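Data first, discussion second: the structure below is written as structure tokens.
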Amino acid sequence: MSVLVQNLTFRYRHFALRVEHLEFESARMTSIVGPNGAGKTTFLKCLTAILPVAKGSLFIDGRDIGVMREDERARLLAYVPQEHSSIFNYTVLDFILMGRAAYLPMFSTPSVKDVEIAQEALDFVALGRYAAQPYFQLSSGERRLVLIARALAQKSDILVLDEPTSFLDPKHETEILELAKKLAAEKQKTVLVTLHNLDMAVKYSDAMVFMKQGQVVASGRPDDILDEALLERVYEIKMSIIPYDGRKFIVK
Amino acid sequence: MNGRMNNRRRQGLGVLIYFLPLLVFLLSLLIGTVRIPVKDLLKTLASPLFPSLKQSLPANALIIIFSVRIPRLLLGLAVGASLSVSGASLQALFKNPLVNEFILGISSGAAFGASLSLVFLGRSFPPQISAFVFAIAAMVIVLAIGRKSDSPTIALLLTGVIVSAFFSALLSLIEFFASPYALQALFYWLMGNLWRASWGDLAVSLPLMAAGILILILMRWRMNVLSMTDEEAKTLGINIRKEKLLVILMTAGITAAATAVAGIIGWVGLIIPHLVRMMVGVDNRKVIPMSAALGASFLMIADNITRSIASFEVPVGIFTSLIGIPFFIVLLKRSKKVWL
């Protein structure tokens, strides 16, 4: 499924987000990068309708996100927050089961089928053995994977991840990005992710969006758009791009 | 939590908890100032079906069982279940294991509403209506003050203090205007009591409590999702405004129905859900129905104790406070970011 953004605006105190036109294609991983305060998270929160969006600015396969019911939207688009902070320590499986909420009427409980879907999602992130563990007993890297598994249980075609690799060690960072890439390539999902690590973004993304001060500065395939002038414009410091082993490395 | 029980023992315990209310109910029928032996109790219970049994019964056995003990136990059962289910539901809704209808001041709102009705509209007008209106009013104040804050736990507890104080002040005002006769009844009822149980009171409150409890039990799994942050619940596909409103109406409804007949019985809604979580974990699919069963049993037992401990009856609300407050202090000290 593809996502179309058209004349999206959102204002909050002194900050204004303004995206004129963007398209995210299915089976692609797109990373959204930019300095702190560029509006990446605000943009994701508009996409997921956590923040109110105006009619006619966001479309999934031609359907307006702004007028969808919550459950309809959740079946098309799943959001993976940076962190989860409930006070109740649910087991990992119970936690992932919550991804089925959009398919269940208010007065019902998950069926055997829902439990199977949750377990499958957990197996997909290779944490199947932790099903009965309490969520907060896991390491922060494992928790991120469980959050992704919950989004997978939503069975949506679009996955939106808000800085899924922040505060993670290089091993877990790689693991998460490999997984995101796999979801786009093998499961044909439209994957949107905000990232701070530019090298990783260049390595894993099919497309990149550079944002600054609430606006999109450049978007496209990394090979087509990435150059030193763009980096300086976005980040306001000099960076060099060094090709090595068929890849581009960014040195500050 | 350390020393978690293994699954089989947990399951056994679960089954036991669901049968406990029936067991306690039947055994409690034997307790009271007039001693009725098991044989006579069974005969009395069977007498509506076999009228010939009535002749061999001791004097007053029928009245004691059917007009005194059964309504009182039914009230204890329903109020205990109501307060526990509303406590567990509010804890999920506010994402805070330290709140319940009593701590948030909703019971005080309901008590004020019921008193207002009893003093100014008389005993014949059902106090549940006014109790419900003011329970909702209390809930609205809690939501308005405690909504946006950096430390929601403390903010919510403080909001509860404020709301309770506000309605206590209004209640004092009513007591000031009430006749000495009404005042005495009000005073005893406010302490939390099951003695007023009559079929007339039950006829209004019992169906309300049963319906509210049933709806909240039906929402038991949804309560897990509602206990996530609002952002998460929303992106998981929940219409949080609609579903929260339903939980609020139901908890206020059963709190009002319970308070209108039994006065303020505090702390049950805090103690019971915690005990259940310690036994079976935090999944509301178990916590909510089990809180109903354990809360029902707890209040019937507490009432048995308070009416047989001395030659006079101690209000059961005093008893639950004496147990609940030390319990709350322990919880508050243990209070941390993650629960269980």
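The values are calculated or read from the model by the stated rules, or taken from the named source; none is laboratory data. What you see is a predicted model; the values in this text were computed from it and never measured. With ideal geometry, Cβ positions are generated from the backbone for all residues, glycine too; neighbour counts draw on all protein chains shown.
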(Q) Being under 19 Å from A:LEU161 (Cβ atoms) and out of contact with any Gly (no Cβ under 6 Å at 6 or more places or on another chain): is that true of A:ARG144 here? (A) yes
Q) Picking from B:GLY14, B:GLY32, which residue would you name as being surrounded by 16 or more Cβ atoms within 10 Å (Cβ to Cβ) and either modelled with pLDDT of 90 or more or outside any loop (DSSP other than H, G, I, E, B) (or both)? A) B:GLY14
Q: Would you tally the residues in the range B:176-191 being surrounded by 12 or more Cβ atoms within 10 Å (Cβ to Cβ) and in a helix (DSSP H, G or I)?
A: 8
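When you go through B:ILE240, B:ILE217 one by one, which is the residue that is surrounded by 19 or more Cβ atoms within 10 Å (Cβ to Cβ) and either out of contact with any His (no Cβ under 6 Å at 6 or more places or on another chain) or more than 14 Å from chain A (Cβ to nearest Cβ) (or both)?
After applying the criteria, what remains is B:ILE217.
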Q. Among (1) surrounded by 21 or more Cβ atoms within 10 Å (Cβ to Cβ); (2) touching a Phe, Trp or Tyr at 6+ places or on another chain (Cβ under 9 Å); (3) in contact (Cβ under 8 Å) with a residue 60 or more places away in the chain; (4) not charged (D, E, K, R), where does B:LEU74 come up short?
A. (1)
Q: For B:SER198, work out the one condition from (1) farther than 21 Å from B:GLY269 by Cβ; (2) free of Cβ contacts under 8 Å to residues at least 12 places away in the same chain; (3) more than 7 Å from chain A (Cβ to nearest Cβ); (4) surrounded by fewer than 16 Cβ atoms within 10 Å (Cβ to Cβ) it doesn't fulfil.
A: (2)
Q: Please work out which residue is surrounded by the fewest Cβ atoms within 10 Å (Cβ to Cβ), limiting yourself to the range A:92-105 and to residues that are at the interface with another protein chain (Cβ under 7 Å from one of its Cβ atoms) and more than 23 Å from A:PRO52 (Cβ to Cβ).
A: A:ASP94
(Q) Need a quick list: helices (runs of 4 or more DSSP H) entirely within the range B:192-291 having at least 3 residues that are of a type in the set (A, V, I, L, M, F, W, C). (A) B:199-218, B:220-226, B:240-262, B:268-280
Q) Among the residues of the range A:58-70, is any closer than 25 Å to A:VAL5 by Cα, surrounded by fewer than 24 Cβ atoms within 10 Å (Cβ to Cβ), at the interface with another protein chain (Cβ under 8 Å from one of its Cβ atoms) and not aromatic (Phe, Trp, Tyr)? A) yes
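Would you call A:PRO81 closer than 16 Å to A:LEU138 by Cβ, within 10 Å of chain B (Cβ to nearest Cβ) and out of contact with any Pro (no Cβ under 8 Å at 6 or more places or on another chain)?
Numbers: closer than 16 Å to A:LEU138 by Cβ: yes; within 10 Å of chain B (Cβ to nearest Cβ): yes; out of contact with any Pro (no Cβ under 8 Å at 6 or more places or on another chain): yes.
Considered against the rule, which asks whether it is closer than 16 Å to A:LEU138 by Cβ, within 10 Å of chain B (Cβ to nearest Cβ) and out of contact with any Pro (no Cβ under 8 Å at 6 or more places or on another chain), A:PRO81 comes out as yes.
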Q: Would you please name the residue that is farthest from the other protein chains (Cβ to nearest Cβ), looking only at residues in the range B:281-314 that are closer than 24 Å to B:SER108 by Cβ and surrounded by fewer than 24 Cβ atoms within 10 Å (Cβ to Cβ)?
A: B:GLU313
Q. If you check A:TYR235 against the conditions, is it under 16 Å from the mean Cα position of the chain (by Cα), buried (at least 17 other Cβ atoms within 10 Å of the Cβ) and aromatic (Phe, Trp, Tyr)?
A. no
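The rows are residues; the columns are (1) under 24 Å from B:LEU249 (Cβ atoms); (2) assigned to a loop (DSSP other than H, G, I, E, B); (3) not β-branched (Val, Ile, Thr).
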| position | (1), (2), (3) |
| --- | --- |
| B:ILE63 | no, no, no |
| B:LEU77 | yes, no, yes |
| B:ALA81 | yes, no, yes |
| B:GLN91 | yes, no, yes |
| B:LEU104 | yes, yes, yes |
